[in-house]
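One structure below.
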Amino acid sequence: MYCRSPVYQMQDGFAHDGIGSVNDLHEEYDVEHSSRGGGAVREEVLGKWRAGSSREPCSPAPVRERIRKWDPIKGRLGFSVPALTGLAAGLALLLAPGESSADWSAQGNPLSTRSSHQSSPWLASDGRNGVIAVWDEYGDRFEDYDVYAQRFTPFGDVASGWPINGALICGAIDLQDYATGVTDPEGNAIVAWMDRRNRRPDIYAQRLGRNGAIAAGWAKDGIPVCAKGTCEIPNITTDGAGGAFVSWFDTIRLPVWALRIQHFSADGLVVSGWPDTGIVVATAEGLDFRACQDGSGGVLLTWTPFTTPFTSSDLLCQRISGSGALSPGWPVAGVLISGTLGGQNAGAILPTGDGGALVAWDDTRADVGDIYVARLTGAGAVAAGWPTEGVPVCTAIGEQTNPRACSDGAGGILLVWEDARSGNWDIFASRATATGARGPGWPAEGTVVCGARGATNSPPSSLQMAPAGL
């Protein structure tokens, strides 16, 4: 365990650094104390801020963030750095003899020290062993969120050209939130977010160079990906060639939701062959989805369709080429990963390098929630040696949910999830190899990454993880 404190833990960012370790960013909500006067605390269950002693409403205490670096192969922690109060990222290094961590503060390195409120960070590898973080931020007006990004080198410095408190990605009027980002092979960042500058939800995107400047040809406050006023909750993944795939929910025909995806080139134009409105991948009364590049210029998506009244939910996957066509062997309705009784909820997907994917999800076939993983080939078949309904990663008592993942650097998958086995909502981790076996040295039901006392009746509100291309 590398975190033990009287707070909620929320997994927000998770990225492989390319040299055998993992950067982990999580939010902590203090349920007892705050660094501000008056002892302000945030009660996540009620969504309100209250003073710890008098229980009267007061100003929100800042979120506390941490990043840790640890060894995914052996499941051991490396050198760790605690975090500042406020939105902060402390990147801890596995140091070789003679290396120095002088550029990393003992209290963590802040993403932003502005007095405004920062939240919902998203972490991605920058392709150069550093990290890029994206977050939402507002000042005096709660309804006027903007989007910022920051890049750190492997040694804790703000990357050359990037402002100390982050680069402003979009400062348009009204709300910009649900920001998510990826990097291309050259280390440029591409960010997508939900935008209400037109008073209705749209999706916008922006591209930043390695120095934090807006890329040539891209508008100051981003380009519209979907501007119909019915576009929500974006997901973005690189196409491996400087462009990106952006996917989102389309609610124009409620109660039926549509999962759409669009392909943009590095200059911000829709790629030839793709319709201006994007491609509809699936429709249902409710959807949960994830996406990643397929390693061949295309994209892989996994989703869970929900129906009313709820009886069960299945998990499906689809592969689409860079030109917008379905990949050979993949049916129009997608490949069924798991259709067993109970619910299967999309959690994470990452490419295997051969056009296939490793997919993780939480599953209620046996109890309130376990963690499973499956592997598909580039042709859409279950990989040899893998069972048709997936491999159990964790079936501990209590609920396990919201898995997120990145590559372990050896063809397998490294997972974290929210876990209620202790009566608390903690964060656990495990590793599955390329064959589906549990990683050597890892406990049968995972290892606790962060556990602390806190509320026992409400899980954290979000869990996000951003390996490169996920």
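The values are calculated or read from the model by the stated rules, or taken from the named source; none is laboratory data. All of these numbers come straight from a predicted model, not from anything done at the bench. Cβ: placed from backbone, ideal geometry, glycine included. Neighbour counts: every protein chain shown. Heavy atoms of the whole protein, side chains included, go into the accessibility calculation; ligands, DNA and RNA do not. Shrake-Rupley method; radii C 1.70, N 1.55, O 1.52, S 1.80 Å.
Brief remarks follow.
- Among 298-305, 439-446, sorting by the average number of other beta carbon atoms lying within 10 angstrom of each residue, highest first, gives 298-305, 439-446.
- Distance between the 7 Å Cα→Cβ label points at Ala215 and Val332: 3.3 nm.
- The 3J(HN,Hα) values that the Karplus relation (6.51, -1.76, 1.60; θ = phi - 60°) gives for segment 168-179 are, in residue order, 6, 8, 8, x, 5, 5, 6, 7, 10, 8, 6, 6 Hz. Gly and Pro appear as x.
- Sorted peptide list for 412-423, 221-232, criterion being average Cβ within 10 angstrom, highest first: 412-423, 221-232
- Most to least packed among 316-327, 173-184 [average Cβ atoms within 10 Å]: 173-184, 316-327
- Residue order for Asp370, Asp276 - accessible surface, 1.4 angstrom probe, largest first: Asp276, Asp370
- Separation between Cα centres of segment 317-351 and segment 370-396, rounded to whole Å: 13
- Taking a sphere under 11 Å around the Cβ of Leu350 and counting the other residues whose Cβ falls inside, with K and R at +1 and D and E at -1, yields a net charge of +1.
- Placing pseudo-labels 7 Å out from each Cα toward the beta carbon at Ala366 and Ile173 gives an inter-label distance of 5.5 nm.
- Computed with a 1.4 Å probe on the full set of protein chains, the accessible area for Thr340 sits at about 40 Å².
- Using a probe of 1.4 angstrom and keeping all protein chains present, the accessible surface of segment 228-304 works out to 33 square angstrom per residue.
- Projected label points at Ala444 and Ala379, each 7 Å from Cα along the beta carbon direction, are separated by 3.7 nanometres.
- Treating r as the C-beta distance of Thr435 and Leu254 and R0 as 35 Å, the FRET efficiency rounds to 0.20.
- Take Phe155: with every protein chain present and a 1.4 Å probe, its accessible area is about 90 Å².
- Fraction of accessible area attributable to carbon and sulfur, segment 151-215 (%, probe 1.4 Å): 52
- Label zone at Thr277 (point 7 Å along Cα-to-Cβ), backbone N below 14 Å, segment 218-238: 226-231
- Charge sum, other residues only, whose C-beta stays under 13 Å from Pro185's C-beta, Lys/Arg counted +1 and Asp/Glu -1: -2
- Overall form of segment 385-451 per C-alpha gyration tensor (a/c, 1.5; a/b vs b/c): prolate
- Nearest-0.05 FRET efficiency for Ile164 and Arg200, computed from C-beta distance (R0 41 Å): 0.75
- Gain on full stretching of the segment that runs from Thr307 to Ile397 - 0.36 nm per residue minus C-alpha separation: 29.7 nm
- Taking all protein chains together and rolling a 1.4 Å probe, Tyr204 ends up with roughly 20 Å² accessible.
- Tensor-based shape of segment 230-291 (alpha-carbon gyration tensor, a/c under 1.5 rounded, otherwise prolate or oblate): prolate
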